[in-house]
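The values are calculated or read from the model by the stated rules, or taken from the named source; none is laboratory data. Being a predicted model, the structure only gives us computed values, none of them experimental. Each accessible area value is taken on the protein alone, full model and side chains, heavy atoms only, with ligands, DNA and RNA left out. Shrake-Rupley method; radii C 1.70, N 1.55, O 1.52, S 1.80 Å.
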Amino acid sequence: MNNTKVIAEHSVDLDLLPEKAVILDAGCRGFEFTDYFERKGHVVFSVDVDELVGRNYIQMAISDQDGKCGINKSADPQATHITEGSDMNKITLKTLAERLKIKRWDLIKLDIEGEEYNILNNEENHPIASQVSVEFHAHCRLEQTKQALDKLLDKLSEFYFIKNRNWETRHGAGFNYWDVLLIAK
């Protein structure tokens with residue numbers, strides 16, 4: 001039971017996925033993660049804040065609270081993230097699951113440019129999925145220091161086995177926890 005595979009830079013233990021797994025691809029830009037699991041026959045819900053042409057997905061921000069948010073775009077389209085404002089709806093994982101009539105996520109991928117920290121830190125219903133593949137973004141948010149992320153991962157270790165807790169540099173963006181896999185205990 002350790003068939004960990006990296007799909008679009010996100011680790012997943014394939015042995016832990018049931019047939020027809022229910023998967024959330026939050027930060028679906030490029031759709032590589034979505035496409036991989038759809039080809040395997042899984043049910044994938046794709047979400048992104050950006051307007052992505054030619055694909056069916058939910059254009060919305062995933063956050064630690066429901067409401068409105070602003071969108072901060074930069075020269076790097078991979079660094080679009082939410083801020084204060086009223087440009088777009090934002091929604092919690094719990095509210096999204098209720099709206100989609102999802103009882104339990106088998107896998108959640110969080111690659112949402114810094115908001116994954118707030119979601120995982122403020123979520124009251126851990127474990128939020130059987131597996132959570134997360135790319136943190138310490139380089140996008142000043143409050144996300146190595147110490148803050150270590151504190152969060154230590155807190156999450158009560159609910160999850162943590163794999164790939166490697167502080168490393170990638171993408172020319174400095175050090176970060178780029179590919180953490182949380183597996184529900």
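Just a few scattered comments:
- Protein heavy-atom surface of the chain, 1.4 angstrom probe: 47% of the accessible area is carbon and sulfur, with nucleic acids and ligands not counted.
- Straight-distance candidates among the lysines for linking to residue 103, with alpha-carbon spacing under 19 Å and chain neighbours fewer than 8 residues away dropped: 20, 94, 185.
- Shape index of the chain: Rg/Rh, with Rg the Cα radius of gyration and Rh the Kirkwood radius from the inverse mean 1/r over Cα pairs, equals 0.93.
- Note on segment 111-185 and segment 1-46: Cα centroid distance 18 Å, given to the nearest whole angstrom.
- When only Cα pairs below 8 angstrom with a gap of at least 6 residues are kept, the chain shows a relative contact order of 18 percent.
- Result for the chain in a Gaussian network model with C-alpha springs under 10 Å: among 113, 123, 143, the largest mean-square fluctuation is at 143.
- Think of a 1.4 Å ball rolled over the protein heavy atoms: segment 1-57 then has 52 Å² of accessible area per residue.
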